[in-house]
Amino acid sequence: MKQHIENLVQQAIKQLQAMGELSEIPAYVQVEAAKDKQHGDFASNIALILAKSAQKKPREVAERILQVLPASPKLQKVEIAGPGFINFFLVPNAMSDVVNQILSQKEQFGRCKIGREKRVLVEFLSSNPTGPLHVGHGRHAAYGTVVCNLLDEVGFKTFREYYVNDAGRQMDILAASVWLRYLALCGENIEFPANAYRGEYVIDIAKTIHDLHQDHFRVSAKQVFADLPPDEPQGGDKEIYIDAVIERARKLLGDKYQIIFDLSLENIMVDIRNDMKEFGVHYDNWFSERQLVATDVVDRMLLKLKESGHVYERDGALWFSSTSFGDVKDRVLVRANGIRTYFTNDISYHLDKFERGNDLAITIMGSDHHGYTARIKAAIEALGINPERLLHMLVQFVTLYRGGVQAQMSTRGGNFVTLRELRNEVGNDVARYFYVMRKSEQHMDFDLDLAKAQSNENPVYYIQYAYARICSVFKQLAERQLQFDEANGLKHLDLLTEPQERELLNTLSRYPEMIINAALHYEPHQLTHYLRDLAADFHAYYNSHQFIVEDVGLRDARMALVMAVRQVLLNGFNLLGISAPESM
RNA sequence: GCGCCCGUAGCUCAGUUGGAUAGAGUGUUGGUUUCCGAAACCAAAGGCCAGAGGUUCGAAUCCUCUCGGGCGCGCCA
């Protein structure tokens, strides 16, 4: 409908241009749903925009547009208001056709092809596999999934990937932590390093290993700690100390070190995969940094970068002059000790993404890493790839609130730490919905009391209740031995003239454009807001009119409308990944 | 110190390339059920869009500055 009116206006101004009354016309005509019912159903500010170049008063321009505006059976009246807005009033059931569309297109309603099957690799979450996922990660998982769903819905081909950072120092710290816990289980007297991973899960992994291999990896505590530098509590440096512990573990364990390392990694990854599976988050690929490093892609990348002329040596290290591409300082690729940085591997990973034939690569990451985007884009550009093909979406932190006060989030504190605990407490649907109902770059307060409220306060139940209510109406119809005749309903859509029905038709017809907007801006919250609106329109309708009435034509028409509402709710739920309960 | 993000109702937040009287939820107050599910609906109250300048027909939105909050600025990942 919006499109229809835009076309009419477009035709009108083209004609005026042909008549020499307008010099330049804008690339597109802006028509939007009027906020105030007194302003009709749609409004356009086109006359205000054209006024300057036409050197006329806005209202005069509007007059001229109206005079040449093509007639349409959908329009009841068109008028000029305020400083020069053109308000369009539709005939009472101009929108009713949308019911027809929804009921015939079903789950296809809202899909389109503007993505033109472009391939988009979306990397999200990608946390270090050094522990279970916590509540902050949940937001990444939910946001990433829904963004992908939206992109697929408008015709892109997404590929969902988790980059497993299994190659860095953090992993060695984990392996060492597990080993020390394991030694304690063997009966050794272990002083746990200040900088080691202290979570319960480390002990669990150690137990698993001990159950499996008994004392196979046992070394006396005396050997482990002999001649190590002092740890932080003893006045030393915890970083230096933990590195020394790792070195010692490698030396004492030899080949067995890798077994501990792999078992630790495997345990964490199994946990993360299960967590994601339970949360309904699907990945097409789990991309291992270690496997990446094992290929020649890093070497090839470095060669290409050198050929680009933006690489130099200084202080024994190899540098990339990212400042040539707008970064604030140059970055090290290969350290003086010969070891490549995380950055180097990551550039290679990104090169690989594009070599795999993706048109676009989206990285969803924590906003605390925003300083990282400039250098990686710089590297991509240096490699001859258009940096606009790489997009970074930032996700802000999550703060939990319980009883109005901030819940403890530290690893030590007993309250929520993990995503799994949150899901168990509030349920997957609520967690999913809450995570995406705020703009991603907005810092989020997660109110646990609200999330757990099985009542009117909870926005998830509000929209699910609308769905269940509609299902209930159809059950009621059957109980009264009545049939719903869809064809008959569609034939009588012109009977839907109540204000609540108009409102509902209006909201339903907004759905496709809302999906496009949400997808193209990577904003799932637009969908949650829309569903809230739709549910509210339905509840208002429900409370003011009976659907199951004597008049068969009216009854079928109303049932058709309500069925269309149910379909759109379902489509939205599917995109969000929440359930559609037929009763609650 | 430099850079990025943010500041909208008591609270949590929308506000789509600048548009008409800035909107929801929640909370507060009052009302609605012989009727398909009251997890609902209706109504009232609640605002100097952090502050000050500027751009123009028109600013929550764009520019500059100030204040206040978050996050970055490793040969870590």
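One residue stands out in segment A:354-381 among those that are under 24 Å from A:VAL332 (Cβ atoms) and touching a helix residue (DSSP H, G or I) at 6+ places or on another chain (Cβ under 6 Å): the one that is most open to solvent (accessible area, probe 1.4 Å), namely A:GLU381.
Listed conditions (1) under 37 Å from the mean Cα position of the chain (by Cα); (2) closer than 29 Å to A:PRO230 by Cβ are all met by A:LYS157, apart from (2).
Contact annotation: residue pairs with Cβ atoms under 8 Å, 6 or more positions apart or on different chains, pairing a residue in segment A:535-549 that is over 18 Å from A:GLN567 (Cβ atoms) and small (Gly, Ala, Ser) with a partner that is assigned to a loop (DSSP other than H, G, I, E, B) and open to solvent by 30 Å² or more (accessible area, probe 1.4 Å), are A:SER544/A:GLU498.
Within segment A:303-346, can you find the residues that are on the phi > 0 side of the Ramachandran plot and without any contact (Cβ under 8 Å) to a residue 40 or more places away in the chain?
Going residue by residue through segment A:303-346, those that are on the phi > 0 side of the Ramachandran plot are A:309, A:315-316, A:326, A:338.
Of everything in segment A:303-346, those that are on the phi > 0 side of the Ramachandran plot and without any contact (Cβ under 8 Å) to a residue 40 or more places away in the chain turn out to be A:GLY309, A:ASP315, A:GLY316, A:GLY338.
Within segment A:392-410, does at least one residue satisfy the condition of being at pLDDT below 90, away from RNA strand B (no atom under 11 Å from the Cβ), out of contact with any helix residue (DSSP H, G or I) (no Cβ under 9 Å at 6 or more places or on another chain) and not in a strand (DSSP E or B)? Yes; the residues of segment A:392-410 include at least one that is at pLDDT below 90, away from RNA strand B (no atom under 11 Å from the Cβ), out of contact with any helix residue (DSSP H, G or I) (no Cβ under 9 Å at 6 or more places or on another chain) and not in a strand (DSSP E or B).
For segment A:9-20, indicate whether the set of residues that are within 15 Å of RNA strand B (Cβ to nearest atom) and not in a helix (DSSP H, G or I) is non-empty. Talk me through it step by step, then tell me what you get.
If we filter segment A:9-20 for residues that are within 15 Å of RNA strand B (Cβ to nearest atom), which is where we start, we get A:9-10, A:13.
Those still in the list that are not in a helix (DSSP H, G or I) too: none.
Within segment A:9-20, not a single residue is within 15 Å of RNA strand B (Cβ to nearest atom) and not in a helix (DSSP H, G or I).
When segment A:318-344 is filtered for residues that are within 29 Å of A:VAL122 (Cβ to Cβ), surrounded by fewer than 21 Cβ atoms within 10 Å (Cβ to Cβ) and in contact with a Leu (Cβ under 9 Å, 6 or more places away or on another chain), the ones remaining, listed by number, are A:VAL332, A:ARG340, A:THR341, A:PHE343.
Could you grab me the full set of residues in segment A:368-387 that are touching a Lys or Arg at 6+ places or on another chain (Cβ under 9 Å) and part of a helix (DSSP H, G or I)? Correct list: A:ARG375, A:ALA378, A:ALA379, A:ILE380, A:ALA382, A:PRO387.
With respect to A:SER509, is the statement that it is more than 9 Å from RNA strand B (Cβ to nearest atom), touching a helix residue (DSSP H, G or I) at 6+ places or on another chain (Cβ under 9 Å) and closer than 16 Å to A:GLY110 by Cα true? It is true that A:SER509 is more than 9 Å from RNA strand B (Cβ to nearest atom), touching a helix residue (DSSP H, G or I) at 6+ places or on another chain (Cβ under 9 Å) and closer than 16 Å to A:GLY110 by Cα.
Can we say A:ARG248 is among the basic types (Lys, Arg) and crowded, with 18+ Cβ neighbours inside 10 Å? Yes; evaluated as a whole, the condition is true for this residue. The criterion of being surrounded by 14 or more Cβ atoms within 10 Å (Cβ to Cβ), among the basic types (Lys, Arg) and part of a loop (DSSP other than H, G, I, E, B) does not hold for A:ARG116.
Residue by residue, here is whether (1) open to solvent by 50 Å² or more (accessible area, probe 1.4 Å); (2) closer than 30 Å to A:ARG160 by Cα; (3) assigned to a helix (DSSP H, G or I) holds:
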residue	(1), (2), (3)
A:ASP211	yes, no, yes
A:ARG218	yes, no, no
A:LEU228	no, no, no
A:GLY236	no, no, no
A:ILE242	no, no, yes
A:LYS277	yes, yes, yes
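Quick one: in segment A:24-36, of everything that is at pLDDT 70 or above and assigned to a loop (DSSP other than H, G, I, E, B), which residue is surrounded by the most Cβ atoms within 10 Å (Cβ to Cβ)? Among those that are at pLDDT 70 or above and assigned to a loop (DSSP other than H, G, I, E, B), it is A:VAL29. Going by the structure shown, is A:ILE259 open to solvent by 70 Å² or more (accessible area, probe 1.4 Å), in a helix (DSSP H, G or I), in the same structural domain as A:ALA194 (by TED's automatic domain parsing) and of a type in the set (Val, Ile, Thr)? The answer is yes for A:ILE259.
Quick one: how many residues across segment A:357-391 are among the acidic types (Asp, Glu) and within 16 Å of RNA strand B (Cβ to nearest atom)?
Pass one, segment A:357-391, residues among the acidic types (Asp, Glu): A:359, A:368, A:381, A:388.
Those left that are additionally within 16 Å of RNA strand B (Cβ to nearest atom): A:368.
Total satisfying the criteria: 1.
Selection of segment A:227-284 for residues being over 23 Å from A:ARG432 (Cα atoms), under 40 Å from the mean Cα position of the chain (by Cα) and of a type in the set (A, V, I, L, M, F, W, C) yields A:ILE240, A:ILE242, A:VAL245, A:ILE246, A:ILE259, A:ILE260, A:PHE261, A:LEU263, A:LEU265.
For the residues A:SER72, A:SER53, A:SER104, the requirement of being part of a loop (DSSP other than H, G, I, E, B) and either open to solvent by less than 40 Å² (accessible area, probe 1.4 Å) or among the small types (Gly, Ala, Ser) (or both) singles out A:SER72.
Taking (1) in contact (Cβ under 8 Å) with a residue 24 or more places away in the chain; (2) acidic (Asp, Glu); (3) open to solvent by 10 Å² or more (accessible area, probe 1.4 Å) in turn, A:GLU501 satisfies each apart from (3). In the set (1) in a helix (DSSP H, G or I); (2) hydrophobic (A, V, I, L, M, F, W, C); (3) in contact (Cβ under 8 Å) with a residue 60 or more places away in the chain, A:VAL281 fails one condition alone, (1). Note on segment A:473-486: residues that are open to solvent by less than 60 Å² (accessible area, probe 1.4 Å) and either near RNA strand B (Cβ under 9 Å from one of its atoms) or of a type in the set (Val, Ile, Thr) (or both) amount to 3.
For the structure I just gave you, tell me whether A:GLU550 is more than 9 Å from RNA strand B (Cβ to nearest atom) and assigned to a loop (DSSP other than H, G, I, E, B). Break it down into steps so the answer makes sense when it comes.
On the way: more than 9 Å from RNA strand B (Cβ to nearest atom): yes; assigned to a loop (DSSP other than H, G, I, E, B): yes.
In short, yes.
For segment A:191-206, the count of residues that are modelled with pLDDT of 95 or more, touching a Cys at 6+ places or on another chain (Cβ under 7 Å) and open to solvent by 40 Å² or more (accessible area, probe 1.4 Å) is zero. Against the test of being closer than 13 Å to A:ILE5 by Cα, among the charged types (D, E, K, R) and either under 40 Å from the mean Cα position of the chain (by Cα) or more than 11 Å from RNA strand B (Cβ to nearest atom) (or both), the options A:GLU60, A:GLU32 yield a single qualifying residue, A:GLU32.
The values are calculated or read from the model by the stated rules, or taken from the named source; none is laboratory data. Since this is a predicted model, take the numbers as computed values, not measurements. Positions of Cβ are backbone-derived with ideal geometry, glycine not excepted, and every protein chain shown enters the neighbour counts. Just so you know, the surface numbers come from the protein's heavy atoms only, side chains and all, with ligands and any DNA or RNA stripped out. Shrake-Rupley method; radii C 1.70, N 1.55, O 1.52, S 1.80 Å.
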